[in-house]
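Asker: Dropping a structure here in structure tokens format, bear with me for questions.
The values are calculated or read from the model by the stated rules, or taken from the named source; none is laboratory data. Fair warning: this is a prediction, and the values are worked out from it, not measured in the lab. Note that we place each Cβ from the backbone using ideal geometry, even for glycine, and neighbour counts take in every protein chain shown.
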Amino acid sequence: MKPIRLITTAIALIITVFSISGCWFYSFSGTSIKPDVKTICIEPVENKALKINPSLANSLTEALNDKYRKLTNLEQVSDVGDLNVSAIIESYDVRPSAVTADEVAAQNRLTVTVKVKFVNEKHPEENFEKQFAGFEDYDSQRSLDEVEATLCDSIIEKIVEDIFNATVANW
């Protein structure tokens with residue numbers, strides 16, 4: 001009986017040690033921020049799309065700030081941080097996404113493409129520059145002006161989630 005109890009205790013101890021040692025690298029929010037990374041700088045998003053939604057860049061900047069503030073312990077700084085995120089809205093397009101038999105658009109798709117540059121000052125092997133895109137379809141009977149705010153909110157949410165996952169969740 002004693003050897004089984006000893007083995008059970010040893011296994012429990014080993015599991016506890018591995019769990020505790022792994023906690024410095026993982027959090028319940030799904031992030032994998034290394035312990036020496038303490039600050040983040042999220043630069044205001046630039047809008048260089050041909051068609052401009054005047055509130056999109058600011059909304060995207062605020063959504064990024066909120067996401068990192070809520071799901072990480074990183075201190076947000078206005079100058080260079082341990083992590084640096086800069087984003088440019090490259091396109092804001094509306095195109096038909098579904099066509100009827102009469103070759104008339106039944107649905108339109110609003111697509112937003114954002115180019116992101118991520119710099120990790122402490123771990124440069126994690127740096128990247130890539131595009132993220134989000135889209136939403138809407139009934140072509142409605143004008144873009146009617147649905148634009150709702151569509152943009154949904155698109156921003158998707159893009160911010162993708163950026164967050166790519167930068168600190170390593171997904």
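Asker: Check off (1) surrounded by 16 or more Cβ atoms within 10 Å (Cβ to Cβ); (2) within 19 Å of Lys48 (Cβ to Cβ) for Leu71 and give me the number that stays unchecked.
Answerer: (2)
Asker: Out of the residues in region 134-170 meeting the condition of being in contact (Cβ under 8 Å) with a residue 40 or more places away in the chain and outside any helix (DSSP H, G or I), tell me which one is nearest to Ser59 (Cα to Cα).
Answerer: The residue in question is Asp137.
Asker: From the set of residues in region 93-140 that are among the basic types (Lys, Arg) and out of contact with any Asp or Glu (no Cβ under 8 Å at 6 or more places or on another chain), which is farthest from Glu43 (Cα to Cα)?
Answerer: The residue in question is Arg95.
Asker: When residues of region 56-72 are filtered for being in contact (Cβ under 8 Å) with a residue 12 or more places away in the chain and either of a type in the set (D, E, K, R) or closer than 15 Å to Val114 by Cα (or both), how many remain?
Answerer: 9
Asker: A follow-up question, please. Can you say whether Ile89 is within 19 Å of Leu50 (Cα to Cα), of a type in the set (A, V, I, L, M, F, W, C) and surrounded by 14 or more Cβ atoms within 10 Å (Cβ to Cβ), as far as the supplied structure shows?
Answerer: When the stated conditions are applied, Ile89 passes them.
Asker: Right, next: For Thr9, are the conditions met, namely being assigned to a helix (DSSP H, G or I), of a type outside the set (A, V, I, L, M) and either at pLDDT below 95 or in contact with a Lys or Arg (Cβ under 6 Å, 6 or more places away or on another chain) (or both)?
Answerer: Against the criterion (assigned to a helix (DSSP H, G or I), of a type outside the set (A, V, I, L, M) and either at pLDDT below 95 or in contact with a Lys or Arg (Cβ under 6 Å, 6 or more places away or on another chain) (or both)), Thr9 qualifies.
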